[in-house]
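Asker: If you scroll down you'll find the structure; I have some questions about it.
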Amino acid sequence: MAIAAARLATRHTVRLASQTDFAGWREAARTLALNGVDPADISWTVEGHDANDLFAEPAQLPAVPADAELRVPRRFVDLAEAVICHSDPARFGFLYRILWRLQREPHLLSVATDPDVRRLEEMEKSVRRDIHKMRAFVRFRRIADEAGERFVAWFEPAHFIVERNAPFFVRRFTGMRWTILTPQATADWDGTNLAIGPGASKSDAPAEDAAEELWRTYFRSIFNPARLKVKAMTAEMPKKYWRNLPEASLIPDLIAGAEKSAREMIERMPTMPAPHHQTVQAKHWKNRPEESETDGAAAASVAELRKAAAGCRRCPLWRDATQTVFGEGPENARVVFVGEQPGDQEDIAGKPFVGPAGRLFDAIIEDAGIDRATTYVTNAVKHFKFEPRGKRRIHARPNAGEIEACRWWIDHELTLIRPDLVVALGATAAQSLLGKAVPITKMRGQTVTREDGLKVFLTVHPSYLLRLPDEAKAAERGRFLADLKAVKGLMG
Amino acid sequence: MPAPPIREKLAILADAAKYDASCASSGADRRNSLKSGGIGSTEATGICHAYAPDGRCISLLKVLLTNFCIYDCAYCINRSSSNVRRARFSIDEVVKLTLDFYRRNYIEGLFLSSGVIRSPDETMAEIVEVARRLRLENSFGGYIHLKTIPEASQELIEQAGLYADRLSINVELPTDEGVMRLAPEKRPQTIRRSMAGLREKLEAAAEPTLRTKKRSRFAPGGQSTQMIVGADTTPDATILKTSARLYGSYRLRRVYYSAFSPIPDSSAALPSMKPPLMREHRLYQADWMMRFYGFDQREILAGRPDGMLDLAIDPKLAWALDHRTIFPVDVNRAPRELLLRVPGLGTKAVKRVLASRVHRRLRLEDVGRVCQSIAAVRPFIVAEGWSPGGALDSERLRETVAPKAKQLELF
Ligand code: SF4
């Protein structure tokens, strides 16, 4: 990192040790900036590349004033480390100018609309892209040497990126011995050490690798001639890279033949089914049990009813949901709890009352002294109704038509279970069980006896508690618990 | 009959896989081989190692284990009634091919799928075994995407998630009716339940366990799906509705749209035409609007009574032209949500606008430096010293901002 500077009147010349000598640039830039040297008064050169300044005797940089400090945003350091690798010879001076401006405009880098910041970002992007393309387009060839196998690649990057990019190849190909040759530098990994050496030439790289024929076969076969989009390909894989890509030699022929292949695919008339098709059909699909298509009216048990409901299409709610979420619990339960509809988690799990409201419900009935294992829980509507919102689903209320359609199932469940008491949790359940809308907040805690003699106890849905602010929650939980204790009393 | 040489098998089984659109290798956790001393790494985003002349990225070795299949899905080249040539890789052949390709830096990893032979579980078990041998016997740290067979057992799915970075289940077509008509042996219900099952496992794995405080491993790259577009008459509105439902319900990383492509020896049940590539492109743009610009699926097609996206212009521009009253948007004042609705401003441009305007009032040329084309943005914004004036009300606005017809030709 030898830094030599020559002072010609007010001009300073900085000679960096190499094209990517970031440490050298940093130290010189720091010193010059602290001395207030204007960007226009500095020439930046690289050892061995400074033909213009051959006559300039290197001189010391000015001393750094005592306890002077230079502060820059962390992001500038990151950007500068990348931009140093750019092939533009003006980059050193340009970076210094940004450093210079940062001393006066500390927020400069946030001003993405500033022309200098734009250029800085563009340069960084160009380096990043080159690094990315190198990771993509390096093609190793396998050779055997005294120590076993070794993988060697020839690559021609646009910027000075070999050293910056080499650790990636170490992380990825740790268990291999490999060498990447480029015109500016060579990276070599022997399985334990990474060495960066001088540039090489293409003739130093091996000529063939048997795997390339397989790779070309793959490239040819994965291409769909009916979708030819040459521009989209060349935008991402510019022609300048082709000469070092074994598969690229196929491209002209694939393009030329695409139209014809695609036409042939379209024109080729459907033929007779393949000979083995009949055998496969007979063996695998002939006796496949069909999903139940009964309406469940004749079901003799809840299990049969559940099966029938799995294929229910009585209202449109099945379309968007995952599955029918049927009731759960012993068939001889004395009390049946009826909620509104399955929620997001119930829909995924296929079980009722497993989401947040279900867990709250479990906790509170336990407090009320009711053994959940002796109860049957179900919903008035068996499919989840929702509105998608990004990665979530927002619960939507079932309408009267959907409640009515789904009564078919709850009626049959109740007929088969014959409980002493049904608890309607919330307005939807009450509407389903009583056949009409009832003001649930007014009537909670009451028991209504239906015409058929079934007793229906009314209370709120536990999800109501979840939506309340914390202060109100405790009080409401108490009221809900009181309701459930009343249920416990009614259960006898 | 002697088994065909590996090269022929590869030709058949890659050809059989090429109609599947997804090839992404993103979303994995960061890994490298420094500790294991093996090979393979994954970083934040995957790398496309080559591009085929169809413009698609080649990032993974995308093959089928076998193209024998007991299903008879009309749109699929591997359906049991097809006269296509059949082949079958052995487990070790796929393992070796993956490693050979990976060592030469041709690929990021493997995307393995298969026709279903004998039973779903047997097939799934072989798929899982390939991944297991790669990971455990060969210390392979590259990307692995496994196609999950919906009917396979939960234990096999569990194992698949242990080795794979991403799992996917194809919904095949945008509607259940479509699946039942064109893929008569498939059950839309089963497909949904499997996706729900994956979501459950993914979420469970994301929760640190109480005891070890560590997350368990299950497909860190999440799940994705694909549906074929243009094999039946489903309009775009229904397709987007299905996507919105899938994103919301199963937390998918991606929904891939695959323009139905003619296949050799095609079924008579299907249209014989070139794949609708422009339509596919517009659907991806609309999908992007839902995922990144905050549009609701219904808004996107509100102005289109036929439920089809305008093929001539980008759906975001189409929406803006239909909602001119919310424009012009003031780049110096408008909230992020509104800026995201400006045609020509992407998420990155909006981020830059927001960061820059804290420090200075933005002029038109400032905005021009952070977006692709200021000409497209100009009519919809107000900036310091700039107002579109009557341009927004102009009858000719569409012609001014829409790309010239020539650029529309994809062929
Ligand atoms: S909500 Fe009820 S009635 Fe509607 S489809 Fe589902 S089970 Fe059938």
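The values are calculated or read from the model by the stated rules, or taken from the named source; none is laboratory data. Quantities reported herein were computed from a predicted structural model and do not represent experimental measurements. All Cβ positions, even for glycine, are placed from backbone atoms using ideal geometry, and neighbour counts span all protein chains on display. Accessible surface is based on the protein model in full, side chains and every heavy atom, while ligands, DNA and RNA are left aside. Shrake-Rupley method; radii C 1.70, N 1.55, O 1.52, S 1.80 Å.
Asker: Could you list, in sequence order, all residues of segment A:91-146 that are more than 7 Å from chain B (Cβ to nearest Cβ) and either acidic (Asp, Glu) or touching a Ser or Thr at 6+ places or on another chain (Cβ under 6 Å) (or both)?
Answerer: Selection gives A:GLU105, A:ASP114, A:ASP116, A:GLU121, A:GLU122, A:GLU124, A:ASP130, A:ASP145, A:GLU146.
Asker: So which residues in segment B:48-75 are within 16 Å of B:PHE260 (Cβ to Cβ) and more than 7 Å from every other protein chain (Cβ to nearest Cβ)? Explain how you work it out, then say what you get.
Answerer: Quick first cut of segment B:48-75, residues within 16 Å of B:PHE260 (Cβ to Cβ) only: B:54, B:56, B:73-75.
Listed by number, the residues that qualify are B:ARG56, B:CYS73, B:ALA74, B:TYR75.
Asker: With in contact with a Leu (Cβ under 6 Å, 6 or more places away or on another chain) and without any contact (Cβ under 8 Å) to a residue 60 or more places away in the chain as the only criterion, which of B:PRO262, B:PRO315 stands out?
Answerer: On the way: B:PRO262 fails: in contact with a Leu (Cβ under 6 Å, 6 or more places away or on another chain).
Going through B:PRO262, B:PRO315 in turn, the sole match is B:PRO315.
Asker: Mind checking which residues of segment B:76-106 are away from chain A (no Cβ under 11 Å), open to solvent by less than 20 Å² (accessible area, probe 1.4 Å) and of a type outside the set (S, T, N, Q)?
Answerer: B:ALA87, B:PHE89, B:VAL94, B:VAL95
Asker: Another question, then. Look through A:ASP367, A:ASP344 and report the one residue that is of a type in the set (Asp, Glu) and within 16 Å of the ligand (Cβ to nearest atom). Break it down into steps so the answer makes sense when it comes.
Answerer: Values: A:ASP367 fails: within 16 Å of the ligand (Cβ to nearest atom).
Criteria check complete, one pass: A:ASP344.
Asker: Filter segment A:370-387 down to the residues that are away from the ligand (no atom under 12 Å from the Cβ) and of a type in the set (Val, Ile, Thr) and list them by number.
Answerer: The answer is A:ILE370, A:THR374, A:THR375, A:VAL377.
The rows are residues; the columns are (1) among the β-branched types (Val, Ile, Thr); (2) within 16 Å of the ligand (Cβ to nearest atom); (3) surrounded by fewer than 17 Cβ atoms within 10 Å (Cβ to Cβ).
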| site | (1), (2), (3) |
| --- | --- |
| A:GLY257 | no, no, yes |
| A:THR279 | yes, no, yes |
| A:CYS315 | no, yes, no |
| A:ASP320 | no, yes, no |
| A:ASN332 | no, no, yes |
| A:GLY339 | no, yes, no |
| A:GLY350 | no, yes, no |
| A:GLY355 | no, no, no |
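Asker: Exactly one of (1) within 16 Å of the ligand (Cβ to nearest atom); (2) part of a loop (DSSP other than H, G, I, E, B); (3) open to solvent by less than 30 Å² (accessible area, probe 1.4 Å) is unmet by A:VAL438. Its number?
Answerer: (1)
Asker: What are the residue pairs meeting all of these: first residue in segment A:259-285, first residue more than 14 Å from B:GLU185 (Cα to Cα) and at the interface with chain B (Cβ under 7 Å from one of its Cβ atoms), second residue in a loop (DSSP other than H, G, I, E, B) and acidic (Asp, Glu), Cβ atoms under 7 Å, and 6 or more apart or on different chains?
Answerer: From residues that are more than 14 Å from B:GLU185 (Cα to Cα) and at the interface with chain B (Cβ under 7 Å from one of its Cβ atoms), the pairs are A:ARG268/B:ASP265; A:PRO270/B:ASP265; A:THR271/B:ASP265.
Asker: I'm checking my understanding of the structure. Among residues of segment A:281-309 that are closer than 16 Å to A:ILE410 by Cβ and hydrophobic (A, V, I, L, M, F, W, C), which one is nearest to the ligand (Cβ to nearest atom)?
Answerer: For segment A:281-309, the residue satisfying everything is A:ALA309.
Asker: Only one of (1) open to solvent by less than 10 Å² (accessible area, probe 1.4 Å); (2) within 10 Å of chain A (Cβ to nearest Cβ); (3) assigned to a loop (DSSP other than H, G, I, E, B) fails for B:THR45. Which number is that?
Answerer: Result: B:THR45 passes all but (1).
Asker: Right, another one. Just for segment B:116-130: of the residues that are of a type outside the set (Val, Ile, Thr) and away from every other protein chain (no Cβ under 11 Å), which one is most open to solvent (accessible area, probe 1.4 Å)? Step through it out loud before you land on a result.
Answerer: Narrowing segment B:116-130 to residues of a type outside the set (Val, Ile, Thr): B:118-122, B:124-126, B:129.
From what's left, away from every other protein chain (no Cβ under 11 Å): B:121-122, B:124-126, B:129.
Values: B:ASP121: 61, B:GLU122: 82, B:MET124: 0, B:ALA125: 43, B:GLU126: 42, B:GLU129: 41 Å².
My answer is B:GLU122.
Asker: Let me ask something else. Please work out if A:LEU425 is touching a Gly at 6+ places or on another chain (Cβ under 7 Å) and open to solvent by less than 10 Å² (accessible area, probe 1.4 Å). I'd like the intermediate steps shown before the answer.
Answerer: Working: touching a Gly at 6+ places or on another chain (Cβ under 7 Å): yes; open to solvent by less than 10 Å² (accessible area, probe 1.4 Å): yes.
In short, yes.
Asker: Which one of these does A:LEU95 not meet: (1) free of Cβ contacts under 8 Å to residues at least 24 places away in the same chain; (2) open to solvent by less than 10 Å² (accessible area, probe 1.4 Å); (3) closer than 26 Å to B:ARG360 by Cβ?
Answerer: (1)
Asker: What's the total number of residues in segment B:3-36 that are more than 7 Å from chain A (Cβ to nearest Cβ) and polar (S, T, N, Q)?
Answerer: Summing the residues that are more than 7 Å from chain A (Cβ to nearest Cβ) and polar (S, T, N, Q) in segment B:3-36 gives 4.
Asker: Of these, A:THR378, A:THR374, which one is closer than 23 Å to A:GLY329 by Cα and modelled with pLDDT under 95?
Answerer: From the options A:THR378, A:THR374, the qualifying one is A:THR374.
Asker: Related question: Could you check segment A:444-467 and list, in sequence order, the residues that are crowded, with 16+ Cβ neighbours inside 10 Å and not β-branched (Val, Ile, Thr)?
Answerer: A:ARG444, A:LEU454, A:PHE457, A:LEU458, A:HIS461, A:PRO462, A:SER463, A:TYR464, A:LEU465, listed by residue number.
Asker: Please determine whether any residue of segment A:223-244 is within 16 Å of the ligand (Cβ to nearest atom) and farther than 30 Å from A:ARG141 by Cβ.
Answerer: We begin by selecting, within segment A:223-244, every residue within 16 Å of the ligand (Cβ to nearest atom); these are none.
Within segment A:223-244, none of the residues are within 16 Å of the ligand (Cβ to nearest atom) and farther than 30 Å from A:ARG141 by Cβ.
Asker: Now, a different point. Name every residue in segment A:388-418 that is within 16 Å of the ligand (Cβ to nearest atom), within 14 Å of chain B (Cβ to nearest Cβ) and open to solvent by 60 Å² or more (accessible area, probe 1.4 Å), in order of residue number.
Answerer: A:HIS395 - this is the single residue of segment A:388-418 that is within 16 Å of the ligand (Cβ to nearest atom), within 14 Å of chain B (Cβ to nearest Cβ) and open to solvent by 60 Å² or more (accessible area, probe 1.4 Å).
Asker: With the structure loaded, tell me whether A:ARG101 is in contact with a Pro (Cβ under 7 Å, 6 or more places away or on another chain) and surrounded by fewer than 20 Cβ atoms within 10 Å (Cβ to Cβ) or whether it fails that test.
Answerer: Numbers: in contact with a Pro (Cβ under 7 Å, 6 or more places away or on another chain): no; surrounded by fewer than 20 Cβ atoms within 10 Å (Cβ to Cβ): yes.
No, not satisfied.
Asker: Given the conditions (1) within 15 Å of B:HIS49 (Cα to Cα); (2) part of a strand (DSSP E or B), and given that A:THR179 satisfies all but one, which numbered condition is not satisfied?
Answerer: The single condition A:THR179 does not satisfy is (1).
Condition check ((1) farther than 28 Å from B:LYS35 by Cβ; (2) among the β-branched types (Val, Ile, Thr); (3) open to solvent by less than 50 Å² (accessible area, probe 1.4 Å)) across all residues:
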site	(1), (2), (3)
A:GLU156	yes, no, no
A:PHE173	no, no, yes
A:ASP190	no, no, no
A:PRO198	yes, no, no
A:ARG220	yes, no, no
A:LEU228	yes, no, yes
A:MET233	yes, no, yes
A:TRP242	yes, no, yes
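Asker: Give the number of residues within segment B:136-149 that are open to solvent by 30 Å² or more (accessible area, probe 1.4 Å) and within 14 Å of chain A (Cβ to nearest Cβ). Can you show your working first?
Answerer: Taking segment B:136-149 as the starting set, the residues that turn out to be open to solvent by 30 Å² or more (accessible area, probe 1.4 Å) are B:136-139.
Add one more test, that the residue is within 14 Å of chain A (Cβ to nearest Cβ), and what stays is B:137-139.
Total meeting the criteria: 3.
Asker: Suppose the filter is within 16 Å of the ligand (Cβ to nearest atom), out of contact with any Asp or Glu (no Cβ under 8 Å at 6 or more places or on another chain), open to solvent by less than 50 Å² (accessible area, probe 1.4 Å) and among the aliphatic types (A, V, I, L, M); does A:LEU360 pass it?
Answerer: For A:LEU360, the condition - within 16 Å of the ligand (Cβ to nearest atom), out of contact with any Asp or Glu (no Cβ under 8 Å at 6 or more places or on another chain), open to solvent by less than 50 Å² (accessible area, probe 1.4 Å) and among the aliphatic types (A, V, I, L, M) - is not met.
Asker: Consider A:SER249 against the criteria (1) within 28 Å of B:CYS69 (Cα to Cα); (2) more than 9 Å from chain B (Cβ to nearest Cβ); (3) open to solvent by 60 Å² or more (accessible area, probe 1.4 Å); (4) away from the ligand (no atom under 15 Å from the Cβ): it satisfies all of them except one. Which criterion is unmet?
Answerer: Going through (1) within 28 Å of B:CYS69 (Cα to Cα); (2) more than 9 Å from chain B (Cβ to nearest Cβ); (3) open to solvent by 60 Å² or more (accessible area, probe 1.4 Å); (4) away from the ligand (no atom under 15 Å from the Cβ) one by one, A:SER249 breaks only (1).
Asker: Same structure again: Read through the list (1) of a type in the set (Asp, Glu); (2) within 19 Å of B:GLN297 (Cα to Cα); (3) at pLDDT 95 or above, then give the number of the only condition that B:ASP330 fails.
Answerer: (2)
Asker: So, one more: Considering only segment A:183-281, give the helices (runs of 4 or more DSSP H) lying wholly within it that have at least 1 residues that are closer than 23 Å to B:LYS9 by Cα. If you could, list the steps in order and put the result at the bottom.
Answerer: Working: elements: A:211-222, A:230-236, A:251-267, A:277-280.
Answer list for segment A:183-281: A:211-222, A:251-267, A:277-280.
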